[in-house]
Amino acid sequence: MSCMEKKGFATRQIHVAHPHLEGISPLATPIFQTSTFVFDNTAQGAARFAGEQEGYIYTRLGNPNANEVGAKVASLEGGEAGVVMASGMGAISGTLWTLLKAGDHVLADRALYGCTYACLTTGLIRYGIEVTQVDFSNLEEIKNGIQPNTAVVYFETESNPDLKIADISAIAGLVHGLKPDIKVVVDNTFVTPYLIRPLELGADVVVHSATKYLNGHGDVVAGVAVSSKEIIHEIAHYGMKDMTGAVVGPFEAFLLNRGIKTLDIRMTKHCASAQRIAEFLESHSAVKKVLYPGLKSHPQHELAKRLFEHGFGGMVTFELNCDKKRAETFINSLSLCALAVSLGDTETLIEHPASMTHSTYSPEALAEAGIRESMIRLSVGLEDPEDVIADLKEQLDKI
């Protein structure tokens, strides 16, 4: 373990992998806005292409800005290496293309981000990969879902949008006990390594939509995968370089690095505000149900208390005591909560999963995943929580 790896989370989110530049010492990493890199001579170029010498060749194969972020997120997640890609779906698809081949089987949770669901159920199956979805809160269903050709088990730390908490250590222990070579892949976007680190609980690969909390400012689209050095090398040189080409730009990597430097501070505020807003929503007569891990009413509150550090996240899902049309009027009438489908930003965002982020699901699949027409997803921002509560209350009082 290096000296920096022994430091605290906040220190590492700022200092890990800061590049050394001979002759100058910039506090902020410069933007290496270049497509290619110049070799000193043909021997050096040949050595780098052969993997015999470290160094940069071409930004699709590596760039100082992207490499800094990959190493930094790997440190925060407790992994050996990380690779940054052009989007969260780039990280997810690049990882899956690397770990899977025709004839393999994927076992996945029923509740997943809509584009992940589409990638699995309409994308991968076109290329001879089998996909089965079960309820990952039920270990018996997972056990029964493992097949002789299962190569990947895929789920989210906190499922989107119903905020079901995965018992990662129990799932990973079960899966690896049945078949050690299965790769357990966990999407940690909603939670971030500040709250839960899946690799430390037995997962093999962690993926993120870095667009969300890691960046935190709504101005970057990016993704990250973290795992062992061997797996990340394969993902970077096959899943990203050859299969998807989902290469992040140097400027986007620069902005992502800047966002990560305040991750712990932002997550602390997101968590505290979300807890207060969830408690308010649960107390209002117009609200039928609130799903938030920090509430005692959450079905997995005790598990959440065991897994989460520093708070229970910034996502709140709730249902109203009204029909879909009235719920739409409620959403449209809000003034401070922005109607948008991302999350983890400084602004509080609200959306309707069934018709927006999870529109790729069929009505039957929505029902199986527990995603109801009356369900509303709230990404709590960094505003004063009293102002967000006032905005919600004004419209809830009208129902």
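The values are calculated or read from the model by the stated rules, or taken from the named source; none is laboratory data. A quick note: this is a predicted structure, and the numbers were derived from the prediction, not measured. All Cβ positions, even for glycine, are placed from backbone atoms using ideal geometry, and neighbour counts span all protein chains on display. To get the accessible areas, we keep the full protein, side chains included, count just its heavy atoms, and leave off ligands, DNA and RNA. Shrake-Rupley method; radii C 1.70, N 1.55, O 1.52, S 1.80 Å.
Each of [x] 21.4, 74; [y] 20.9, 65; [z] 23.0, 86 is a candidate for Rg and Dmax of the Cα atoms in Å; the one calculated from this structure is [x].
Once you sort the root eigenvalues of the Cα gyration tensor of the range 337-399 as a ≥ b ≥ c, which label holds: rounded (a/c under 1.5), prolate (a/b larger than b/c) or oblate (the other case)? Intermediate values should be presented prior to the final figure.
Numbers: a/c = 3.26, a/b = 1.74, b/c = 1.88.
Because a/c hits 1.5 or more and a/b fails to exceed b/c, the range 337-399 counts as oblate.
Residue ranking by accessible heavy-atom surface, 1.4 Å probe, largest first, among S285, S93 comes out as S285, S93. Normalised by the residues of the range 26-115, what does the relative contact order come to in percent, with Cα pairs under 8 Å and at least six apart? Contact order relative to length: 18 percent. Taking trypsin sites (Lys or Arg not before Pro) across the range 63-126, the ones in a DSSP loop with at most 12 further Cβ atoms lying within 10 angstrom of their Cβ are K101. Computed with a 1.4 Å probe over protein heavy atoms only, the accessible surface of the range 31-179 comes to 39 Å² per residue. Computed about the Cα centre, the dipole magnitude for the range 57-120 is approximately 160 debye when only Lys and Arg (+1) and Asp and Glu (-1) carry charge, each at its Cβ. As a test, work out the antiparallel percent of DSSP beta bridges whose residues both lie in the chain, rounded to the nearest 5. Of all bridge pairs located within the chain, approximately 55 percent are antiparallel.
Less than 18 Å from a label point 7 Å out along the Cα-to-Cβ axis of F9: which backbone N atoms in the range 33-77 qualify, by residue? Only 72-77 fall inside the zone, counting backbone N under 18 Å. Look at the alpha carbon pairs under 8 Å that are at least 6 residues apart: their mean separation over the length of the chain gives a relative contact order of 18 percent. Summary of the geometry: the range 64-90 and the range 114-192, compared by the centres of their Cα atoms, lie 22 Å apart.
For every helix of n ≥ 4 consecutive DSSP H residues, a contribution of -39,500 (n - 2.57) applies; sum these over the chain, divide by its total residues, and give [θ] at 222 nm rounded to the nearest 500 deg cm²/dmol. Write out the running numbers ahead of the final one.
Numbers: 14 runs with 138 residues, N = 399.
The per-residue figure over the chain is -10000 deg cm²/dmol.
Normalised by the number of residues in the range 247-310, the mean separation of alpha-carbon contacts (under 8 Å, six or more apart) gives a relative contact order of 20 percent.
Placing +1 on the Cβ of each Lys and Arg and -1 on the Cβ of each Asp and Glu in the range 347-397, which of Y361, Q395, I350 has its Cα farthest towards the positive end of the resulting dipole? Farthest towards the positive pole: Y361.
On the range 178-259, 53 percent of the accessible area sits on carbon and sulfur atoms, based on a 1.4 Å probe. Dipole size of the range 205-305 about its Cα centre, with +1 on Lys/Arg Cβ and -1 on Asp/Glu Cβ: approximately 380 debye, rounded to the nearest 20. Counted without the sites themselves, the longest stretch of the chain free of GluC sites (Glu not before Pro) in a DSSP loop having at most 11 other beta carbon atoms within 10 Å is 55-399. Taking all protein chains together and a 1.4 Å probe, the residues M4, M375 rank M4, M375 from largest to smallest accessible area.
May I ask which of K183/K296; K7/K269; K72/K212; K164/K398 have a Cα-Cα span longer than 25 Å here?
Values: K183/K296 33 Å; K7/K269 23 Å; K72/K212 16 Å; K164/K398 30 Å.
Exceeds cut-off: K183/K296; K164/K398.
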